[in-house]
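*Asks:* So that we are looking at the same thing, I have put the structure below in structure tokens.
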Amino acid sequence: MNCLAVAEERGGEPRKSSLETVRAARRTADALGGSCVALVAGHGAGTAAAALGRYGAHRVIVVDDPRLAKRPNIALARVIADVARREKADLVFLPASQAGKDIAPRVAVALEAGLAADCVALRTEGGEVIATRPVFAGKALLDVRVTTPVKVFTLRPNVFEATAEAGTASVEAATVELADADFVTTVEETTVAAGRPDVTEADIIVSGGRGMKGPEHFALIEALADALGAGVGASRAVVDAGWRPHDEQVGQTGKTVSPTLYIACGISGAVQHLAGMSSARYIVAINRDKDAPIFQVADYGIVGDVFDVLPALTAALRKTGK
Amino acid sequence: MNIAVCVNHVPDTETKVRVAPDGLAIDRSGVNFMMSPYDEIAVEEALRIRDKFTGAVTVIALGGESHKETLRKALAMGADRAVLLRDDGARDSYAVAAGLAAELRALAPDVILCGKQSIDYDDAQVGTLLAAILGLPSVAVVVKLAIADDRSVICEREIEGGHETVRTRLPAVFTAQKGLNDPRYPSLKGIMAAKSKPIEEKPAAPAAPRVEAVALRKPPAKNPGRIIGTDASAVPELVRLLHEEAKVI
């Protein structure tokens, strides 16, 4: 089975979710017998390619083209599909990042392949891959098989381990023929807030709800997040109230997150909120109401006042030098 | 401006998921269904585009009899035409997109809108698959959409920790993200008017699925957690547990 792993780079560095994807592709290639080739397509990939050998790529293919600088989704999909055909890839893996989720369906159609999207687990059984994806906002898990000869998978960020080992891969340049029509959609500008990690990529999230009693009190959430290098999340109630921006909303109509640690502060734990964060490895809840549903899913709970507990927790963490 | 919106009829967000006896799908008994929330945003955007440019909004669903409820809601919001592509069986995202594409090819709209994902299977594929099958540009997870008179489009889409400004041209497919607009509630007038708008029904074009369900299961039960205190004095113990037991800090 030939595996192709698509890696995204930002500023010349591979993104963490891409390292996870390459390693997952390599594990699959080892389990089924076969090679793992990584592909970086863009402009100015820099050191991104060289790093991928440590994450399991046997070879790395780089398609570097100034026309790809504006990340035109149709062109990028074409590049990936062309390289997949050349490499006779049976299995194509992309990160389920915003870019990956956008491009993967086009790659799949070009390769006449089925796409198993946003997978949280991959296993091999009887020579085939069974992928597991969360459905119904994570209230259930669906194991699927792709029935076409070529199969495409997108892998949810922050779930698969990006283990690095000593290893080098050969890096080769490749070109793909592209037509003007492939550039009809282009990214003109990107604005990313500097500082905290995005909730979908954060290892630790500190999240606040109505129990914070007002937008000004989110300073306590932010202080704890900064002490932990964490992302900041919010419940739907406080986003709808205008206290926090929509991109912090965690829940069924917000973001689904898979951090290692989720600290829910003043959040009652409505079904729709739990849907967005219940797959966190560890959940801490701080809430004054002992009957709040959040305590049903929390590993550790403090039934107390966020205004007492949060500053104490932040101070304790700063002292331990975390 | 000819605008098409693809809508889906899905279990509501309160649903407690139970696995059906066949182990492949959810048990639908006692489940309430609704228009997928991102599809409502797509319908609203379609209505706004129609009102700005003049034209018509066609809503299309692929599914069974109960999908008509969602189509009627879209008509009540103000859509002009509704089409049900009838298939009472289950389809994967590809087979849904292929069925929708057959209808959309005939309609040849200027704008196709979908929700960014359907809240049942959360696949987030149909909109972009449609664009790929039809050979159209697409922008997914759109929070701002501005169509110029020359049919060029500037939109804003959400990415990790920020936004991208994306340029494209019509005809194109856009998938709607929360924040694009606030969907209107159907007015009584709209509900009454919708009663006289027909829902055209035709068989969905057959299409082979590409992804097959092997098993639907509940996530593994978590070990019960514990309450470790009732005020700030519990903090040292929490830090210790997070460090020594959970090993997350």
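*Asks:* Arrange the following residues from fewest to most other Cβ atoms within 10 Å of their Cβ: B:Lys218, A:Lys101.
*Replies:* B:Lys218, A:Lys101
*Asks:* List the residues, sorted by chain then number, that are 5 or more residues from B:Val142 or on another chain and whose placed amide H is less than 5 Å from its amide H.
*Replies:* B:Thr175, B:Ala176, B:Gln177
*Asks:* Which net charge results when you count Lys and Arg as +1 and Asp and Glu as -1 among the other residues whose beta-carbon is under 13 Å from that of B:Arg167?
*Replies:* Once all neighbours under 13 Å are counted, the net charge is +1.
*Asks:* Taking θ = phi - 60°, what integer Hz values does the Karplus form 6.51 cos²θ - 1.76 cosθ + 1.60 yield along the range B:149-159, in sequence order, with x for Gly and Pro?
*Replies:* Running phi through 6.51 cos²θ - 1.76 cosθ + 1.60 with θ = phi - 60° gives 4, 7, 6, 7, 10, 10, 10, 10, 10, 7, 10 Hz.
*Asks:* So, one more: Which whole-Hz ³J(HN,Hα) couplings does the range A:189-195 yield from phi under the Karplus relation 6.51 cos²θ - 1.76 cosθ + 1.60, θ = phi - 60°, glycine and proline marked x?
*Replies:* Those phi angles translate into 7, 10, 10, 10, 5, 6, x Hz.
*Asks:* Need the full-extension length gain, B:Asn223 to B:Ala205, defined as separation in residues times 0.36 nm minus the C-alpha distance. One decimal, nm.
*Replies:* Length gained, B:Asn223 through B:Ala205: 1.8 nm.
*Asks:* Separate question: If each residue's Cβ is checked for other Cβ atoms within 10 Å, how do A:Ile80, A:Ile302 rank with the fewest at the top?
*Replies:* Placing the least packed residue first, the sequence is A:Ile80, A:Ile302.
*Asks:* Name the shape class, rounded, prolate or oblate, that the alpha-carbon gyration tensor gives for the range A:204-319, where a ≥ b ≥ c are the square roots of its eigenvalues, rounded holds for a/c under 1.5, and otherwise prolate holds if a/b is larger than b/c and oblate otherwise.
*Replies:* It is rounded, given that a/c, with a ≥ b ≥ c, falls under 1.5.
*Asks:* On to the next question. Averaged across the residues of B:219-228, what count of C-beta atoms belonging to other chains lies within 10 Å of each residue's C-beta?
*Replies:* 5
*Asks:* What is the sum of charges, Lys and Arg at +1 and Asp and Glu at -1, for the other residues whose Cβ falls under 12 Å from the Cβ of B:Lys52?
*Replies:* -1
*Asks:* If you don't mind, another one. Helix A:98-110 versus the longest principal axis of chain A: what angle, 0 to 90°, nearest 10, using Cα atoms?
*Replies:* Taking the Cα atoms of chain A, the angle to A:98-110 is about 30 degrees.
*Asks:* Which whole-number percentage describes the relative contact order of chain B, with Cα contacts under 8 Å and a sequence gap of 6 or more?
*Replies:* Relative CO of chain B lands at 24 percent.
*Asks:* Roughly what would the spin-label model give for B:Phe53 and A:Glu189, points 7 Å off Cα along C-beta, in nm?
*Replies:* Output for this residue pair reads 2.3 nm.
*Asks:* For the pair B:Ser233 and A:Arg59, how long in nm is the line joining their label points, each one 7 Å along Cα→Cβ?
*Replies:* 6.7
*Asks:* Give me the net charge for the shell around A:Ala230: Cβ to Cβ below 9 angstrom, other residues only, Lys and Arg +1, Asp and Glu -1.
*Replies:* After counting each charged neighbour, the total is -1.
*Asks:* Now, a different point. Based solely on C-alpha atoms, express the radius of gyration and the Dmax of the range A:3-183 in angstrom.
*Replies:* Computed over the Cα atoms of the range A:3-183, radius of gyration and Dmax are 15.0, 44 Å.
*Asks:* Here's a follow-up. Can you tell which of B:Gly190, B:Gly161, A:Ala227 lies farthest toward the positive end of the dipole of the protein assembly as shown, using +1 and -1 charges on the Cβ of basic and acidic side chains (Lys, Arg; Asp, Glu)?
*Replies:* Final value for the positive-end residue is B:Gly190.
*Asks:* Taking the beta-carbon count within 10 Å as an exposure proxy, list B:Ile228, A:Ile286 from fewest neighbours to most.
*Replies:* B:Ile228, A:Ile286
*Asks:* Per residue of the range A:28-33, what does 6.51 cos²θ - 1.76 cosθ + 1.60 with θ = phi - 60° give for ³J(HN,Hα)? Whole Hz please, x for Gly and Pro, Karplus curve as stated.
*Replies:* Per residue, the Karplus-derived 3J(HN,Hα) values read 5, 4, 5, 5, 9, x Hz.
*Asks:* With r defined as the distance between the Cβ atoms of B:Glu14 and A:Arg86 and R0 fixed at 45 Å, what FRET efficiency is calculated, to the nearest 0.05?
*Replies:* About 0.40, to the nearest 0.05.
*Asks:* While we're here: Can you give me the distance in nm between label points at B:Arg184 and B:Ala25, each placed 7 Å from the Cα along the Cα-to-Cβ direction?
*Replies:* In this crude label model, B:Arg184 to B:Ala25 measures out at 3.5 nm.
*Asks:* Determine, for each peptide in A:106-115, A:173-182, the mean count of other beta carbons within 10 angstrom over its residues, then list the peptides with the highest first.
*Replies:* A:106-115, A:173-182
*Asks:* Looking at the protein assembly as shown, send over the antiparallel percent of its DSSP beta bridges, to the nearest 5.
*Replies:* Counting only bridges with both partners in the protein assembly as shown, antiparallel ones make up about 35 percent.
*Asks:* List the relative contact order of the range B:1-54 as a percent without decimals, with contacts defined as Cα pairs under 8 Å and 6+ residues apart.
*Replies:* 47
*Asks:* About the Cα centre, and with charges only on the beta carbon of Lys, Arg (+1) and Asp, Glu (-1), how big is the dipole of chain B? Nearest 20 debye, please.
*Replies:* Dipole size: approximately 360 debye.
*Asks:* I would also like to ask the following. Please list, ordered by chain and number, the residues whose modelled amide H lies under 5 Å from the amide H of B:Val166; skip anything fewer than 5 residues away on the same chain.
*Replies:* A:Glu188, B:Cys155, B:Glu156, B:Arg157
*Asks:* Within 10 Å of each Cβ of A:259-270, how many other protein chain Cβ atoms are there on average?
*Replies:* For peptide A:259-270, the averaged partner shielding equals 1.
*Asks:* Any idea what the dipole of the protein assembly as shown comes to, in debye rounded to 20, about its Cα centre with Lys/Arg Cβ at +1 and Asp/Glu Cβ at -1?
*Replies:* Roughly 480 debye, rounded to the nearest 20.
*Asks:* Another one. Treat every Asp and Glu Cβ in the range B:1-102 as -1 and every Lys and Arg Cβ as +1, leave all other atoms uncharged, and give the resulting dipole magnitude about the Cα centre to the nearest 20 debye.
*Replies:* The dipole of the range B:1-102 has a size of about 220 debye.
*Asks:* Next question, about the same structure. Taking 8 Å as the Cα distance limit and 6 or more residues as the minimum spacing, I'd like the relative contact order of chain A as a percentage.
*Replies:* Relative contact order here is 14 percent.
*Asks:* Given H placed 1.01 Å from N in the peptide plane, which residues other than close sequence neighbours of B:Ile227 have an amide H under 5 Å from its amide H?
*Replies:* When sequence neighbours closer than 5 places are left aside, the close amide H contacts are A:Gly301.
*Asks:* Give me Rg over Rh for chain A, both radii from the alpha carbons and Rh done the Kirkwood way, two decimal places.
*Replies:* 1.01
*Asks:* Average partner chain C-beta neighbours within 10 Å, per residue of B:9-15?
*Replies:* The per-residue average across the peptide is 3.
*Asks:* Pull out a ≥ b ≥ c, the square roots of the eigenvalues of the alpha-carbon gyration tensor of the range B:30-125, then state rounded if a/c is under 1.5, prolate if not and a/b is larger than b/c, and oblate in the remaining case.
*Replies:* Prolate is the answer for the range B:30-125, as a/c is 1.5 or above and a/b outweighs b/c.
*Asks:* For the protein assembly as shown, what Kirkwood radius comes out of the mean inverse Cα-Cα distance, in Å?
*Replies:* The answer is 24.4 Å.
*Asks:* Further question on the same structure: Could you pull out the pairs from A:Lys139/B:Lys222; A:Lys16/A:Lys139; B:Lys73/B:Lys197 whose alpha carbons sit more than 19 Å apart here?
*Replies:* A:Lys16/A:Lys139
*Asks:* Please list, or write none, the lysines whose alpha carbon is within less than 16 Å of the alpha carbon of B:Lys52, excluding same-chain residues fewer than 8 places away.
*Replies:* The qualifying lysines are B:Lys144.
*Asks:* Something else about it: Shape call for the range A:283-322 from the C-alpha gyration tensor, a ≥ b ≥ c root eigenvalues: rounded (a/c under 1.5), prolate (a/b greater than b/c) or oblate?
*Replies:* oblate
Taken together, the values in this text are just the output of simple stated rules run on the coordinates, not laboratory data. What you see is a predicted model, and the numbers here were worked out from it, not measured in a lab. Reconstructed Cβ throughout: ideal geometry from the backbone, glycine too, with neighbour counts over all protein chains shown.
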